[in-house]
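The values are calculated or read from the model by the stated rules, or taken from the named source; none is laboratory data. Just so it is clear, the structure is predicted and the values come from calculations on it, not from any experiment. Cβ sites come from the backbone with ideal geometry, for glycine too, and all protein chains shown count toward neighbours. The area values use the complete protein model at the heavy-atom level, side chains included, leaving out ligands, DNA and RNA. Shrake-Rupley method; radii C 1.70, N 1.55, O 1.52, S 1.80 Å.
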Amino acid sequence: MALSSERLFDSLGHFGRFQACVYFASVFQAMSCGIHYLASVFMAVTPNFVCGFPGNVSSVLFHNSSASSIEDIWTLWTSTENYVVVQLGNGEIWELDQCSRSKREVSLDLAYEYKGNKSVFPCSDGFLYDDTKWKSTVVTQWDLVCDREWLAKLIQPMFMLGVLIGAVIFGDIADRLGRQRVIWFTSAGQFVFGIAVAFTFDYYSFVIVRFLLAMVSSGYLVVAFVYVTEFVGIKARTWASMHVHAFFAMGIMIVALVGFLVRTWWVYQIFLSIATIPFVLCCWMLPETPFWLLSEERYEDAQKVIDTMARWNKVSTPCKVSELCSVQQDDPASGRMGDDDTSSAKKHNILDLFCNWQIARRTITVWLIWFTGSLGYYVFSLSSVSLGGNEYLNLFLIGAVELPCYIIACVAMDKLGRRNTLIPFLILSALICVLIMFIPQDFNILIILANMAGKFSIGVAFGLIYLYTAELYPTIVRSLAVGSGSMMCRVGSVVAPFCVYLRSVWIFMPLIYSQARSKLWLA
């Protein structure tokens with residue numbers, strides 16, 4: 001950061017009472033970002049289901065078990081290849097698969113096995129769903145199964161696409177209109193769109209509103225990083241920037257808790273969105289950052305913010321704007337906060353990150369780490385509900401394990417350095433992926449512990465790369481390097497849901513893919 005910022009924080013304090021209040025108020029809303037990013041893991045659950053049948057059922061047969069209703073056999077359901085035999089009140093006998101149904105031509109005694117002729121029909125009477133865990137999900141609401149299953153699989157990737165676009169749009173708007181206004185707008189947007197999702201009337205409106213929700217959530221997270229960084233001095237900046245991720249992880253834990261307590265998707269969505277209310281009611285009190293005000297030549301407003309910081313931090317002689325400007329003029333290499341970014345954007349482009357072989361190799365490596373970190377982070381998070389055992393506890397633990405990982409990352413960076421912290425944890429995450437493949441599927445506890453260790457390892461690397469990238473490049477292309485890395489990060493988050501879906505091909509396929517990407521950057 002420029003000399004003017006160092007002079008300001010040396011005068012007012014690097015993390016005084018004012019910065020603490022602004023910091024915790026701002027990062028509180030990061031919990032909502034974590035909530036909305038992972039909400040679909042329960043909201044878009046596909047329960048067990050079979051075709052509906054045309055009439056009233058008199059008896060049900062599933063292998064050697066008989067019952068009077070379909071609801072009684074869900075506890076016995078073990079595979080998608082199973083089918084149910086039902087006898088209707090008119091004597092007809094039907095075999096119900098997941099995506100088709102067959103009517104037996106000869107209605108003899110009710111038996112599970114049948115070798116005679118059958119007439120196959122589509123599921124024109126809808127589907128019957130297992131509601132023992134979830135009373136309603138978006139899948140059961142709009143029958144996103146069988147030939148419409150691909151629509152359900154697009155829910156999370158479309159959200160992550162909105163995350164990508166939102167990061168680009170709101171990052172640019174924040175530079176033009178100010179951090180404060182974007183924080184106001186995106187905070188209100190998270191609440192409005194979060195509630196609106198619960199009242200969408202069909203699948204397409206649901207996806208569109210969730211896309212808008214993703215844009216404002218991503219926009220807030222990106223701008224919040226910049227906002228808190230511009231209020232925190234260099235002595236506390238590493239810890240402050242890393243622990244924004246910790247509040248995001250707390251949002252994941254809230255998803256698990258609300259998912260356990262609320263089993264109807266639209267009520268679940270409303271409860272998750274309510275978490276935004278406290279910040280929406282008070283975010284208007286947050287000030288604009290003095291460095292953005294200085295970049296816009298709004299010197300009086302910047303001085304007011306500085307004076308407010310001084311009163312809160314009990315500093316009797318605050319730094320004057322005129323002193324900051326004189327420091328900038330004396331040191332042409334530093335410039336005003338934000339001017340470097342602006343001039344870089346005008347004079348430099350993406351090709352400058354490949355100006356020579358050394359910089360090009362560094363850029364490719366950094367991009368791979370951004371992509372891999374995001375991919376691994378979301379693969380471990382999204383797949384946690386499919387590990388067996390209690391899916392709510394699994395997701396809660398996957399979020400909770402991040403809290404200590406950022407503390408360890410900060411300590412390791414100070415003691416060992418960025419590179420010596422990043423490399424071991426990236427390699428460790430890949431090795432854990434390999435280890436999980438050799439754990440028998442019956443050992444649920446070991447699998448869950450291994451996934452938590454993998455999430456811990458990739459969390460350290462993913463949190464560190466934000467700060468590390470900024471330090472690897474010269475000032476003139478620093479913002480361009482971080483911005484391009486962030487774009488690769490968003491690409492990884494879009495790919496992650498598809499990677500998780502590879503479990504249907506082979507249960508270890510997501511781990512192999514993540515492992516390959518983790519090692520590729522070392523090549």
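Is it fair to say residue 425 is under 24 Å from residue 35 (Cβ atoms), open to solvent by less than 60 Å² (accessible area, probe 1.4 Å) and touching a helix residue (DSSP H, G or I) at 6+ places or on another chain (Cβ under 7 Å)?
no
Quick one: which residue in 142, 150 is of a type in the set (Phe, Trp, Tyr) and without any contact (Cβ under 8 Å) to a residue 60 or more places away in the chain?
Going through 142, 150 in turn, just one is of a type in the set (Phe, Trp, Tyr) and without any contact (Cβ under 8 Å) to a residue 60 or more places away in the chain: 150.
Of the residues in segment 104-119, how many are open to solvent by 50 Å² or more (accessible area, probe 1.4 Å), within 25 Å of residue 145 (Cβ to Cβ) and not in a strand (DSSP E or B)?
Result for segment 104-119: 0.
Tell me yes or no: at least one residue of segment 131-148 is assigned by the TED database to the domain that holds residue 270 and within 24 Å of residue 486 (Cα to Cα).
Within segment 131-148, not a single residue is assigned by the TED database to the domain that holds residue 270 and within 24 Å of residue 486 (Cα to Cα).
Being touching a residue at least 12 places away in the same chain (Cβ under 8 Å), over 16 Å from residue 433 (Cβ atoms) and either within 12 Å of the chain's Cα centre (by Cα) or not in a helix (DSSP H, G or I) (or both) is the filter here; which residues of segment 371-397 pass it?
The answer is 388, 389.
Within segment 58-103, which residues are of a type in the set (Lys, Arg) and either open to solvent by less than 20 Å² (accessible area, probe 1.4 Å) or at pLDDT below 80 (or both)?
101
Looking at this structure, is residue 22 modelled with pLDDT of 85 or more and outside any helix (DSSP H, G or I)?
No.
For a quick check of your reading of the model, give me the residue pairs whose first member lies in segment 5-30 and is under 29 Å from residue 273 (Cβ atoms), whose second is among the hydroxyl-bearing types (Ser, Thr, Tyr) and in a helix (DSSP H, G or I), with beta-carbon atoms closer than 9 Å and at least 6 apart or on different chains.
If the second residue must be among the hydroxyl-bearing types (Ser, Thr, Tyr) and in a helix (DSSP H, G or I), the pairs left are 22/227; 26/227; 29/186; 29/187; 29/220; 30/220.
Among the candidates 41, 86, single out the residue that is outside the structural domain of residue 206 (by the TED database) and within 21 Å of residue 132 (Cβ to Cβ).
86
Is there a residue in segment 29-41 that is within 20 Å of residue 139 (Cα to Cα), within 20 Å of the chain's Cα centre (by Cα) and of a type in the set (Ser, Thr, Tyr)?
Yes: one or more hits.
Could you check, for segment 215-234, whether at least one of its residues is farther than 23 Å from residue 165 by Cα, assigned by the TED database to the domain that holds residue 166, aliphatic (A, V, I, L, M) and assigned to a helix (DSSP H, G or I)?
yes
Can you name every residue in segment 241-257 that is open to solvent by 10 Å² or more (accessible area, probe 1.4 Å), more than 15 Å from residue 398 (Cα to Cα) and either assigned by the TED database to the domain that holds residue 405 or assigned to a helix (DSSP H, G or I) (or both)?
Across segment 241-257, the qualifying residue is only 241.
Quick one: in segment 120-149, which of the residues that are of a type outside the set (Val, Ile, Thr) and part of a strand (DSSP E or B) is least open to solvent (accessible area, probe 1.4 Å)?
136
Is there a residue in segment 203-217 that is modelled with pLDDT under 85 and within 16 Å of the chain's Cα centre (by Cα)?
For segment 203-217, residues modelled with pLDDT under 85 and within 16 Å of the chain's Cα centre (by Cα): absent.
State which residue is nearest to residue 32 (Cα to Cα) when the search covers only segment 224-240 and only residues that are surrounded by fewer than 21 Cβ atoms within 10 Å (Cβ to Cβ) and in contact with a Cys (Cβ under 9 Å, 6 or more places away or on another chain).
My answer is 239.
If you scan segment 384-421, which residues turn out to be at pLDDT 85 or above and of a type in the set (Asp, Glu)?
391, 402
Kindly provide the set of residues from segment 306-321 that are modelled with pLDDT of 85 or more and within 19 Å of residue 296 (Cα to Cα), ordered by number.
Within segment 306-321, 306, 307 qualify.
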